[in-house]
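The values are calculated or read from the model by the stated rules, or taken from the named source; none is laboratory data. In this text the structure is predicted, and so the values were computed from the model without any measurement. Using ideal geometry, Cβ is built from the backbone for each residue, glycine included, and neighbour counts are taken over all protein chains shown. All accessible areas refer to the heavy atoms of the entire protein, side chains included, with ligands and DNA or RNA removed. Shrake-Rupley method; radii C 1.70, N 1.55, O 1.52, S 1.80 Å.
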Amino acid sequence: MTEIRTPRLLLRRWSEDDLAPLSEIHADPAVMRNIGDGRPRSTEQTAGDIEAWEEEWDDEGFGVFAVELLGLGELAGAVGLSVATEPAEAAGQVAISWRLGRMFWGQGYASEAAHAALEFALQDRGLERVIAVLRTGDSASAAVADKLGMQAEGAVRHPVHGYDVKVFGIDLTQYQE
C-alpha cells in the first residue's frame with residue numbers, strides 16, 4: 001500500500017470510511033467552485049470519483065491520495081496525480097491536483113501534500129514532467145503551483161466547462177534545481 005508521510009499529513013489510498021467526509025468536502029460550493037463544472041458533488045458522484053482514482057492507481061501506478069491529518073485520522077481532502085484528458089493542450093500528460101476542506105485552508109496543508117505528491121511522481125514513479133491545470137483566477141491554487149516551482153505555460157479555454165484555465169508545468173530537471 002502506497003503511503004507518504006509529511007511532517008503533518010498522511011497521504012494514502014482510499015478506504016470506505018473516506019466517502020462520508022469527502023462527500024462533505026465535495027458538498028461545499030466554495031471548495032468546488034474551481035473544480036470541474038464548479039458545482040458541488042453528490043455522495044454518488046464522490047463515490048464515482050474515489051472509484052476512478054483507485055482504478056487509476058491500479059492502471060497507472062499513481063493516483064489521487066486521501067490526505068489525512070497525521071495522528072488525528074481526520075480526512076482533510078484529496079491530492080495527487082491523474083492523466084489529464086482535457087484541455088487538448090494537457091491531454092495525456094500527468095496532472096497534479098488538490099482539494100481540501102475549507103476548514104483546512106490557509107494552513108499550508110495543500111502545499112505540503114502537493115509537494116509530497118510531486119516528489120512521489122518525479123522521484124518514486126520516474127515521471128519526467130508534471131502539469132497542473134488551474135482555473136484562471138484561482139489565486140490560492142496558483143500560489144500552490146508557484147510553491148511547487150511550476151511555471152505558467154499558457155492559458156486556454158476549457159472545452160467542456162467554457163472557462164479559461166492556465167496550464168502550469170515542471171519537469172524533473174527544474175524540480176532538482
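Determine if segment 50-61 includes at least one residue that is farther than 27 Å from Gln174 by Cβ, outside any helix (DSSP H, G or I) and not aliphatic (A, V, I, L, M). No, segment 50-61 contains no residue that is farther than 27 Å from Gln174 by Cβ, outside any helix (DSSP H, G or I) and not aliphatic (A, V, I, L, M). Can you tell me which residues in segment 7-17 are more than 16 Å from the chain's Cα centre (by Cα) and either of a type in the set (S, T, N, Q) or surrounded by 15 or more Cβ atoms within 10 Å (Cβ to Cβ) (or both)? Selection gives Arg8, Ser15.
Across segment 154-174, not a single residue is classified as within 19 Å of Leu11 (Cβ to Cβ), touching a residue at least 12 places away in the same chain (Cβ under 8 Å) and open to solvent by 10 Å² or more (accessible area, probe 1.4 Å). Would you call Val64 touching a residue at least 12 places away in the same chain (Cβ under 8 Å) and touching a Gly at 6+ places or on another chain (Cβ under 7 Å)? Yes.
The set of residues from segment 23-43 being closer than 23 Å to Gln107 by Cβ, part of a loop (DSSP other than H, G, I, E, B), touching a residue at least 24 places away in the same chain (Cβ under 8 Å) and under 16 Å from the mean Cα position of the chain (by Cα) comprises Asn34, Ile35.
For (1) touching a Pro at 6+ places or on another chain (Cβ under 7 Å); (2) of a type outside the set (S, T, N, Q); (3) farther than 29 Å from Glu24 by Cα, each residue gets a yes or a no:
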position	(1), (2), (3)
Glu86	yes, yes, no
Phe104	no, yes, no
Gly108	no, yes, no
Thr136	no, no, no
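For Leu75, the requirement of being touching a Pro at 6+ places or on another chain (Cβ under 8 Å) and crowded, with 21+ Cβ neighbours inside 10 Å is met. The sole residue among Ala114, Ala20, Ala110 that is aliphatic (A, V, I, L, M), modelled with pLDDT of 95 or more, over 16 Å from Ser141 (Cα atoms) and assigned to a helix (DSSP H, G or I) is Ala20. A single member of Val130, Val144 is among the β-branched types (Val, Ile, Thr), out of contact with any Asp or Glu (no Cβ under 7 Å at 6 or more places or on another chain) and part of a helix (DSSP H, G or I), and it is Val144.
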